[in-house]
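Readers should treat all values here as calculations from the given coordinates under stated rules, not as data from a laboratory. Because the structure is predicted, anything quoted here is derived from the model rather than measured. Glycine gets a Cβ as well: all are built from the backbone with ideal geometry, and neighbour counts include every protein chain shown.
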Amino acid sequence: MKLTTIAFRNLGRHRRRTVLSISTITLSCVFGLFMLALITGMKSDMKNNIIAYYTGAVQIRHSEYNKYDYLNPIHLHIENEGALREELLNVEGVTQAAARITAGGKIYIDDNNDDDIPGLDYNAVGIGIDFAIESEILAPEQMLISGRLPEPGRREVLLGAALAEKAGLKPGDKFSFLTQTAARSANAMTFKVAGLVNFSMGQFNSSRFLIPLSAMQDLMMMPDGAQEILVMTEDPDKVKPLLAAIDRFLATRSNYSYTEAISWKTQGVFYPMISLGEIIYNYIVIIFLILGGTVIINTTMMVILERYREIGILGAMGMMPKELVRLFFYEGVFAGIISAASGLVIGSIVVLIFEKTGLNFGAAFDNMNIEISTVLRPELKLYHIVLMGIYTVGITSLVTLIPSKRAAAIEPVQAMRSI
């Protein structure tokens, strides 16, 4: 009889113990698959948020801006942004270019201007965008939960839903926004709330609102200027050729010599940490499978003790020690295959469910300055399934070598006399 046949038959001899061992490895496999999918989803979500909310694939700013970013140097802006955007669209690889202005300040609400009682004020950040262009980038119409988009040329805004709730504002209400201008002076402007939006990131939802770019330029005393230009491309992961092309373009334009282009991959604090976390989670998964594999070791040791005499008989009948090792190794392989198959099926179902529904962290991220959405969705990839299959079968099989070496060292005569 072949060793593989004997090994497979032996799994059914102690079904309860076999089921316990396989269940433990299966749970480790499910956990590992879910965590790999979750970290991949977090990484993808963070990349999309960095590109859509902050930098585009490539961000063009005044070369001194990032150096003094902590001082909010709004005076270091790009002039004649319209002409620059039109020229950028001719650069190979550029699919869109959008100008933005971001300014922090205070929202003031006073329902009765005739009394001496001051109104309410809230810290907020206004983002000036071209709504027509941004339909392909920030996509405000997809975030709209009530009201409508601001009309071109009018002083209307889209308010983050959490900010609107905090300030008690709704579509149709008005508020004044006070901020510092590009001329380093203060300026205020009154806006009407056209609609409410639900930003994917909690911090934006509780503190940001969107203003038409032209109105923001008037407020900031920045005619035809922009704080930054976001350049988009088909595949942001292959941003190096685009960055090189934009650098060459800017080098040939003396009127834009004060600007610099920066890749999205160098922006954001947490994206590199997530990339590192992806590697760390691979090791964590291996550790969990090894811990699960200790059950296989214990089970195999119990089996060896229970089959002590049987092992002696097999040895007396001529089975070589290395064949005994292979016998237990095959048992581990079969247990690993069953565990991997069941774990990958269950794990895939769990991941696909959460991929559709998402994991809602609600207000937990509202005050956190990170580029992660409040609703996280794991992403199941083919390599996750392949990797977990290899991990599960490989580790489960290899851990059987530890107790099987002991089985191979059993003396046939001593084993047969022990019972």
Taking R0 as 60 Å and r as the Cβ-Cβ distance between GLU87 and ILE390, the FRET efficiency 1/(1 + (r/R0)^6), rounded to the nearest 0.05, comes to 0.75
Highest first, please rank the peptides 151-162, 73-84 by the mean number of other Cβ atoms sitting within 10 Å of their residues. 151-162, 73-84
Trypsin sites (Lys or Arg not before Pro) within the range 227-262: DSSP coil, no more than 16 neighbouring Cβ in 10 Å: ARG253
Part-to-part distance (alpha-carbon centres) for the range 186-200 and the range 218-260, which is given in Å: 27 Å
Proximal lysines relative to LYS170, as straight alpha-carbon distance under 20 Å, when same-chain residues fewer than 8 apart are discounted: LYS106, LYS192
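Lys and Arg at +1, Asp and Glu at -1: add these up for the other residues within a Cβ distance under 11 Å of LYS47 and post the number. Write down the numbers at each step before the final one.
Working: positive: LYS43, LYS265; negative: ASP45, ASP237, GLU371.
Summing Lys/Arg as +1 and Asp/Glu as -1 gives -1.
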On a straight-distance basis, which lysines could pair with LYS322 in a cross-link, Cα separation under 25 angstrom, same-chain partners fewer than 8 positions away excluded? LYS2, LYS405
In nanometres, the difference between 0.36 nm per residue of separation and the alpha-carbon distance of ASP69 and GLU323 is 84.6 nm
Where a ≥ b ≥ c are root eigenvalues of the Cα gyration tensor, a/c under 1.5 meaning rounded, otherwise prolate if a/b exceeds b/c and oblate otherwise, the range 29-101 counts as oblate
In whole Hz, what ³J(HN,Hα) sequence does the range 347-360 give by Karplus (6.51, -1.76, 1.60; θ = phi - 60°), x for Gly and Pro? x, 5, 4, 4, 5, 5, 5, 6, 5, 7, 8, x, 10, 8
Residue-wise, which Karplus ³J(HN,Hα) couplings in Hz belong to the range 210-225, taking 6.51 cos²θ - 1.76 cosθ + 1.60, θ = phi - 60°, and x for glycine or proline? 9, 10, x, 4, 4, 5, 5, 5, 5, 4, 8, 6, 10, x, 6, x
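Strictly over 20 Å apart at the Cα level, which of LYS240/LYS265; LYS43/LYS67; LYS47/LYS381 would you flag in this model? Could the numbers behind the result be given before it?
Values: LYS240/LYS265 10 Å; LYS43/LYS67 27 Å; LYS47/LYS381 17 Å.
Listed pairs above 20 Å: LYS43/LYS67.
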Starting from 0.36 nm per residue, how many nanometres of slack lie between GLU141 and TYR383 once their C-alpha separation is accounted for? 83.6 nm
Tell me which residues come under 5 Å, amide H to amide H, from PHE361 once H is placed; ignore anything under 5 positions away on its chain. VAL375, LEU376
Can you tally the net charge around GLN142? Count Lys and Arg as +1, Asp and Glu as -1, for every other residue whose Cβ sits under 12 Å from the Cβ of GLN142. -3
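In debye to the nearest 20, how big a dipole does the range 58-232 give about its Cα centre with +1 on each Lys and Arg Cβ and -1 on each Asp and Glu Cβ?
So the dipole magnitude of the range 58-232 works out to roughly 280 debye.
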Across the range 372-387, in residue order, what do the Karplus-derived ³J(HN,Hα) couplings come to in whole Hz, using 6.51 cos²θ - 1.76 cosθ + 1.60 with θ = phi - 60° and x for Gly and Pro? 10, 6, 6, 10, 9, 10, x, 10, 8, 10, 4, 5, 4, 5, 5, 4
Charge tally for neighbours of GLY225 with beta carbon under 13 Å away, counting Lys, Arg as +1 and Asp, Glu as -1, is -2
Please list the equivalent ellipsoid semi-axes of the range 58-232, computed as the square roots of five times the alpha-carbon gyration tensor eigenvalues, in descending order and whole angstrom. 28, 19, 14
